[in-house]
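Here the structure is laid out as structure tokens; the discussion comes afterwards.
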Amino acid sequence: MKDLIIVGAGPAGLSAAIYGIRAGLDLLVVEKFSPGGQVINTYEVENYPGFAEPLSGWELMSRMEEQARRLGTEIVSGDVESVAADAGRFSVTMAGGQVMEAKTVIAATGASYRRLNVPGEEQYIGHGVSFCATCDGAFYRDRVCAVIGGGNTALEEAHFLTRFASKVYLIHRRDQYRGVKILQDRVAASDRIEPVLDTVVESINGATKVEGLTLKNVKTGARSDLAVDGVFIFVGFDANTGYLPAEVLDENREVVVDINMRTEVPGLFAAGDLRSGSRRQIVMAAAEGATAALEAYDYILGLT
Ligand code: NAP
């Protein structure tokens with residue numbers, strides 16, 4: 001029986017491990033993919049305190065992982081299917097059927113890219129549809145791309161794509177971007193980005209790969225076709241919470257926590273992008289992971 005099982009090895013999970021292990025907890029981190037979380041796909045991080053110069057998401061998360069491992073964190077690969085509370089202990093069941101037990105659990109599995117759910121989207125993933133400009137941007141050198149969305153991710157990634165693409169259409173369903181001013185200014189200053197506002201994608205078209213989009217202007221109702229070689233979809237995230245008890249989730253299936261990262265279930269904590277109201281910032285996920293680990297420590301000692 002472990003003191004603590006942390007599910008997820010992104011900024012929240014790794015920070016929880018660093019704080020938990022330094023508090024003397026016998027803990028284990030379980031990660032479905034490779035450690036680092038979504039951040040490893042970020043080309044440049046310029047708002048994580050302590051780094052005057054931007055660094056890549058991959059480098060930041062490699063450093064976090066190295067720090068956690070140096071302190072003695074064990075990270076195992078696995079897909080957690082369920083976390084169930086029973087008489088003051090937790091059973092963590094893996095997809096293969098293996099069950100591990102712990103006194104406390106921190107859920108830190110973040111969120112996944114939301115889909116547009118239009119025809120052609122699933123079909124052309126890897127053939128012109130992408131959710132990662134850092135991964136796939138270089139395939140679009142001197143070609144034409146579309147970015148869908150109006151939040152920080154869409155603005156940041158559209159700007160990143162101008163390193164390669166000859167033209168980037170930035171397609172947003174409203175006439176105002178949601179992203180912050182500094183990113184809006186960067187987009188406005190680029191002669192390679194063409195905003196397409198008040199517009200939604202109705203379908204992603206092509207014979208064997210993406211060749212174009214069918215668009216609809218939501219104000220006029222007019223439909224049009226736009227030729228593009230690739231489409232990058234950044235319309236938000238859905239929390240990865242399918243393995244958690246329904247009683248800790250809200251109507252959006254995000255985890256409800258108090259200011260100390262405690263859920264409704266004593267001993268079960270959540271930190272990072274999966275929690276309701278998250279602002280999805282690396283520094284916030286890291287801070288929440290630290291809080292959750294210190295709370296888990298207090299809970300085990302019977303202090304809370
Ligand atoms: P977001 O802020 O939720 O924005 C999603 C965007 O997609 C919105 O503009 C939304 O339009 C649009 N959208 C949603 N569903 C859509 C649909 N079905 N069809 C068309 N458009 C749709 O998501 P995000 O940009 O990925 O950012 C997520 C979080 O990460 C935010 O809290 C953000 O601040 C943070 N983040 C921060 C940084 C940074 O600090 N540098 C970088 C990246 C992300 P509406 O605006 O009309 O709702």
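The values are calculated or read from the model by the stated rules, or taken from the named source; none is laboratory data. None of these values were measured; they are calculated from a predicted model. Cβ sites come from the backbone with ideal geometry, for glycine too, and all protein chains shown count toward neighbours.
When the stretch 160-218 is examined, which residues are found to be in a loop (DSSP other than H, G, I, E, B), within 15 Å of the ligand (Cβ to nearest atom) and crowded, with 17+ Cβ neighbours inside 10 Å? Walk me through how you get there before you give the answer.
From the stretch 160-218, those in a loop (DSSP other than H, G, I, E, B) are 162-166, 172-180, 190-192, 197-198, 206-211, 218; that's our starting set.
Filter once more, so that each one left must be within 15 Å of the ligand (Cβ to nearest atom): 172-180, 197-198, 218.
Residues satisfying the conditions are His172, Tyr177, Gly179.
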- [ ] Return the pairs, sorted by first residue and then second, in which the second residue is outside any loop (DSSP other than H, G, I, E, B) and more than 7 Å from the ligand (Cβ to nearest atom), the first residue lies in the stretch 169-181 and is basic (Lys, Arg), the beta carbons are less than 8 Å apart, and the residues are 6+ apart or on different chains.
- [x] Arg173/Thr199
Task: Among (1) farther than 17 Å from Phe234 by Cα; (2) in contact with an Asp or Glu (Cβ under 9 Å, 6 or more places away or on another chain); (3) charged (D, E, K, R) - the single one Arg141 does not satisfy - done: (2)
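Here's the yes/no breakdown for (1) surrounded by 18 or more Cβ atoms within 10 Å (Cβ to Cβ); (2) part of a loop (DSSP other than H, G, I, E, B):
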site	(1), (2)
Leu60	yes, no
Gln67	no, no
Gly72	no, yes
Ala84	no, no
Lys103	yes, no
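Output yes when any residue across the stretch 88-101 is in the same structural domain as Leu294 (by TED's automatic domain parsing) and under 19 Å from the mean Cα position of the chain (by Cα), and no when none is. Let's see the steps before the verdict.
Quick first cut of the stretch 88-101, residues in the same structural domain as Leu294 (by TED's automatic domain parsing) only: 88-101.
Okay, now just the ones that are also under 19 Å from the mean Cα position of the chain (by Cα), so none.
No, the stretch 88-101 contains no residue that is in the same structural domain as Leu294 (by TED's automatic domain parsing) and under 19 Å from the mean Cα position of the chain (by Cα).
For every residue, the table says whether it meets (1) in contact (Cβ under 8 Å) with a residue 60 or more places away in the chain; (2) charged (D, E, K, R).
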{"residue": "Thr93", "(1), (2)": "no, no"}
{"residue": "Gly97", "(1), (2)": "no, no"}
{"residue": "Met100", "(1), (2)": "yes, no"}
{"residue": "Ile106", "(1), (2)": "yes, no"}
{"residue": "Arg115", "(1), (2)": "yes, yes"}
{"residue": "Val118", "(1), (2)": "yes, no"}
{"residue": "Glu122", "(1), (2)": "no, yes"}
{"residue": "Cys132", "(1), (2)": "yes, no"}
{"residue": "Asp136", "(1), (2)": "yes, yes"}
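Counting just the residues of the stretch 127-137 that are among the hydrophobic types (A, V, I, L, M, F, W, C) and in a loop (DSSP other than H, G, I, E, B), which one comes out surrounded by the most Cβ atoms within 10 Å (Cβ to Cβ)? Full working, then the answer.
From the stretch 127-137, those among the hydrophobic types (A, V, I, L, M, F, W, C) are 129, 131-133, 135; that's our starting set.
Adding the requirement that they be in a loop (DSSP other than H, G, I, E, B) leaves 131-132.
Values: Phe131: 19, Cys132: 16.
Step by step, filter the stretch 127-137, then rank; the result is Phe131.
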Open item on the list: Looking at the stretch 67-105 only, could you name the residues that are over 20 Å from Ala23 (Cα atoms) and among the β-branched types (Val, Ile, Thr)?
Closed with: Val76, Val80, Val83, Val92, Thr93, Val99
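From the list Ile40, Ile6, Ile18, Ile75, exactly one residue is within 16 Å of the ligand (Cβ to nearest atom) and in contact with a helix residue (DSSP H, G or I) (Cβ under 9 Å, 6 or more places away or on another chain). Which is it?
Working: Ile6 fails: within 16 Å of the ligand (Cβ to nearest atom); Ile18 fails: within 16 Å of the ligand (Cβ to nearest atom); Ile75 fails: within 16 Å of the ligand (Cβ to nearest atom).
Among Ile40, Ile6, Ile18, Ile75, only Ile40 is within 16 Å of the ligand (Cβ to nearest atom) and in contact with a helix residue (DSSP H, G or I) (Cβ under 9 Å, 6 or more places away or on another chain).
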TODO: State all residues of the stretch 263-299 that are in a helix (DSSP H, G or I), touching a Lys or Arg at 6+ places or on another chain (Cβ under 8 Å) and within 16 Å of the ligand (Cβ to nearest atom); if no residue qualifies, say none.
DONE: Glu288
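When only residues in the stretch 138-155 that are within 14 Å of the ligand (Cβ to nearest atom), in a helix (DSSP H, G or I) and without any contact (Cβ under 8 Å) to a residue 40 or more places away in the chain count, which is nearest to the chain's Cα centre (by Cα)? Don't jump to the end; show me each part of the working.
Looking only at the stretch 138-155, we keep the residues that are within 14 Å of the ligand (Cβ to nearest atom), and these are 146-155.
Add one more test, that the residue is in a helix (DSSP H, G or I), and what stays is 152-155.
After this cut, where a residue has to be without any contact (Cβ under 8 Å) to a residue 40 or more places away in the chain as well, the list is 152, 155.
Values: Asn152: 13, Leu155: 16 Å.
The qualifying residue nearest to the chain's Cα centre (by Cα) is Asn152.
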Task: Odd one out for Glu31, checked against (1) touching a helix residue (DSSP H, G or I) at 6+ places or on another chain (Cβ under 7 Å); (2) in contact (Cβ under 8 Å) with a residue 24 or more places away in the chain - done: (1)
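Please specify each residue of the stretch 256-281 satisfying the condition of being more than 14 Å from Ile6 (Cβ to Cβ), aliphatic (A, V, I, L, M) and either crowded, with 22+ Cβ neighbours inside 10 Å or not assigned by TED's automatic domain parsing to the domain that holds Thr109 (or both). I'd like the intermediate steps shown before the answer.
Taking the stretch 256-281 and keeping what is more than 14 Å from Ile6 (Cβ to Cβ), we get 256-260, 262-266, 273, 275-281.
Of the ones still in play, those that are also aliphatic (A, V, I, L, M) are 256-257, 259, 265.
Within the stretch 256-281, Val257 is the sole residue that qualifies.
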